[in-house]
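Asks: Structure incoming, see below.
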């Protein structure tokens with residue numbers, strides 16, 4: 001979500017699919033249950049159109065970076081393309097998954113989406129292991145109503161992370177206790193993840 005690419009096509013799926021599969025608010029750890037149904041139904045829309053159409057959910061990769069027992073955190077700055085998130089703190093480095101009409105490439109595009117956004121926003125100067133740990137749905141606000149999160153965990157060998165985007169500020173690593181103590185200053189998605197951080201990082 002770092003750049004203003006309103007003309008690019010992003011992957012979406014019909015919002016009512018969630019009711020058919022099993023609606024949830026917050027996190028779900030039944031990844032295959034949902035993605036196996038979403039995969040045949042996804043399509044692509046111009047991002048500018050998708051942002052204003054709650055009949056569709058845009059797929060968003062959202063990576064949590066961990067080193068040891070600490071989690072990467074930052075503050076979203078003025079140059080963020082999604083102005084509604086400005087001045088919020090976040091523990092997720094994420095972005096839209098670009099549209100592709102080849103369903104056989106769904107998993108590849110999914111992986112590319114999170115890796116591409118990480119490379120655009122930050123530099124990781126260490127080895128890491130990554131895995132897909134959960135899904136996130138948050139219909140409590142206008143942003144959440146048009147987005148659907150694919151939550152990843154990146155385990156870093158070293159706490160060597162530097163920002164590339166000017167919209168990333170005050171980057172640091174916090175303990176879980178520090179995150180929970182200051183949870184009110186974080187954006188909704190991060191709050192949901194912090195509330196469930198033990199399970200996400202298990």
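Asks: Could you count how many residues in region 161-185 are within 22 Å of residue 123 (Cα to Cα) and in contact with a strand residue (DSSP E or B) (Cβ under 7 Å, 6 or more places away or on another chain)?
Replies: The first filter runs over region 161-185 and keeps only residues within 22 Å of residue 123 (Cα to Cα), leaving 161-175.
Right, trim to in contact with a strand residue (DSSP E or B) (Cβ under 7 Å, 6 or more places away or on another chain) and you get 161-164, 167-175.
Going through region 161-185 one residue at a time, the tally reaches 13.
Asks: If you take the residues of region 19-32 that are more than 18 Å from residue 152 (Cβ to Cβ) and touching a helix residue (DSSP H, G or I) at 6+ places or on another chain (Cβ under 8 Å), which of them is surrounded by the most Cβ atoms within 10 Å (Cβ to Cβ)?
Replies: Keep residues of region 19-32 that are more than 18 Å from residue 152 (Cβ to Cβ), which gives 19-25.
Subsequent filtering for residues that are touching a helix residue (DSSP H, G or I) at 6+ places or on another chain (Cβ under 8 Å) retains 20-22, 24.
Working: 20: 10, 21: 16, 22: 11, 24: 14.
Top of the filtered list is 21.
Asks: Condition first: at pLDDT 95 or above and surrounded by 14 or more Cβ atoms within 10 Å (Cβ to Cβ). Now tell me which residues in region 167-177 satisfy that.
Replies: Hits for region 167-177 are 173, 174, 176.
For (1) modelled with pLDDT of 95 or more; (2) closer than 18 Å to residue 173 by Cβ, each residue gets a yes or a no:
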| residue | (1), (2) |
| --- | --- |
| 96 | no, no |
| 100 | no, no |
| 105 | no, no |
| 118 | no, yes |
| 121 | no, yes |
| 134 | yes, no |
| 139 | yes, no |
| 142 | no, no |
| 148 | yes, no |
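Asks: If I ask for residues that are assigned to a loop (DSSP other than H, G, I, E, B), at pLDDT 90 or above and within 16 Å of the chain's Cα centre (by Cα), which ones from region 69-94 would you list? Don't jump to the end; show me each part of the working.
Replies: To start, the set of residues in region 69-94 that are assigned to a loop (DSSP other than H, G, I, E, B) comprises 69, 77-82, 86-88, 91-92.
Still in the running and at pLDDT 90 or above: 69, 91-92.
Residues satisfying the conditions are 91, 92.
Asks: Go through (1) touching a residue at least 60 places away in the same chain (Cβ under 8 Å); (2) under 18 Å from the mean Cα position of the chain (by Cα); (3) surrounded by fewer than 17 Cβ atoms within 10 Å (Cβ to Cβ) for residue 164 and report which single condition fails.
Replies: So the condition that residue 164 fails would be (1).
The values are calculated or read from the model by the stated rules, or taken from the named source; none is laboratory data. Owing to the predicted nature of the structure, the values given are computational and were not obtained by experimental measurement. Glycine also receives a Cβ, built like all others from the backbone with ideal geometry; neighbour counts cover every protein chain displayed.
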